[in-house]
Amino acid sequence: MDAAQRRGMWTACVPYRAVTTVNNGAPKSRWAADLSWCESRSDLSVSTADHVRPYKAVVFGLPWDQRGQPVACGNQPTDLGGSVVHAALTEPDRLWSAQEVLVRPSPVPAAAGVYGWHFEKAPCPDLDAGRLLYVGIAPRYMANRTSTQNLRKRVRYHYRGNAAGSTLRLTLGCLLGIELRRVGSGKRMTFGKAGEATLSQWMAENARVCWIERDEPWTMESELISQLDLPLNLDQNRHNLFHGRLTEVRSQARRRARELAVSA
């Protein structure tokens, strides 16, 4: 089942349970979190990124009863939820470049949602190119006020803003070895005018973005970070193998910036 087939099956796919053991003739099941796709039939093979696993039966968002039949359960998801978002980010229909995103009118919707960054050239030799490395949400949850951020504002800012307002830009610049500096009053840190221009050019050449609209995207952030391999995300991502390396690289850049004079 290739990516095109999966995308064409969205309307036929739902969260499901996969049979893993049999107990007294009745299936015993668990959520198959690593398998995101199924067809609406009872005998199928589910294809993942690196192999195909056969499953004799699936239950569409419902647990089994003792006779092996699906039963209603109010706490199970009833829509496509994370499966669709995962696929839209890891295997998008298309990726957008800086040149395409920054035109007016922009193709990025002024709506809430989740966005993902792929890179034609990785910012670090230890990372793979050509795959999803970072996920962001817009807006973030604000307890005391309503955020004005949306997909369009955040994606465009990542492409043309500065490291003080973009965690992604800060991470990329540090990994690329661009010198971080204190600016203005000395409390903010960016790569300076020249450094930010260099980073923007690198992103224009190598960074590609995709997105999917979702209301209240902050409700999905933890799940996405826990289930996807996102080496450029730091928050809630200590389990990632690249987390320690990235944390140290950014810390070193900040320590060095504090030793330097404030940049004009």
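The values are calculated or read from the model by the stated rules, or taken from the named source; none is laboratory data. Not measured: the values here are computed from a predicted model. For neighbour counting, all protein chains shown are included, and Cβ atoms are generated from backbone atoms with ideal geometry for every residue, glycine included. These accessible areas exclude ligands, DNA and RNA; they are computed on the full protein's heavy atoms, side chains included. Shrake-Rupley method; radii C 1.70, N 1.55, O 1.52, S 1.80 Å.
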**Q.** Filter result for ALA111 (at pLDDT 95 or above and either touching a strand residue (DSSP E or B) at 6+ places or on another chain (Cβ under 9 Å) or among the hydrophobic types (A, V, I, L, M, F, W, C) (or both))
**A.** yes
Q) Based on what the data block shows, is LEU151 over 20 Å from GLN236 (Cα atoms) and crowded, with 20+ Cβ neighbours inside 10 Å? A) yes
Q | Per-region count, segment 234-264, residues within 23 Å of VAL183 (Cβ to Cβ), assigned to a helix (DSSP H, G or I) and small (Gly, Ala, Ser) | A | 3
Q.
For the list (1) in contact (Cβ under 8 Å) with a residue 40 or more places away in the chain; (2) open to solvent by 70 Å² or more (accessible area, probe 1.4 Å); (3) under 14 Å from the mean Cα position of the chain (by Cα), I need the number of the one condition that ARG140 fails.
A. (3)
(Q) Among the numbered criteria (1) of a type in the set (Val, Ile, Thr); (2) part of a loop (DSSP other than H, G, I, E, B); (3) at pLDDT 95 or above, which one does THR146 miss? (A) (3)
(Q) Tally up the residues in segment 143-194 that are of a type in the set (Val, Ile, Thr) and within 20 Å of ARG245 (Cα to Cα), please. (A) 3
Q.
Is it the case, given these coordinates, that ARG131 is in contact (Cβ under 8 Å) with a residue 24 or more places away in the chain and of a type in the set (Lys, Arg)?
A. yes
Q: Answer yes or no as to whether PRO92 is more than 23 Å from GLY177 (Cα to Cα) and surrounded by fewer than 18 Cβ atoms within 10 Å (Cβ to Cβ).
A: no
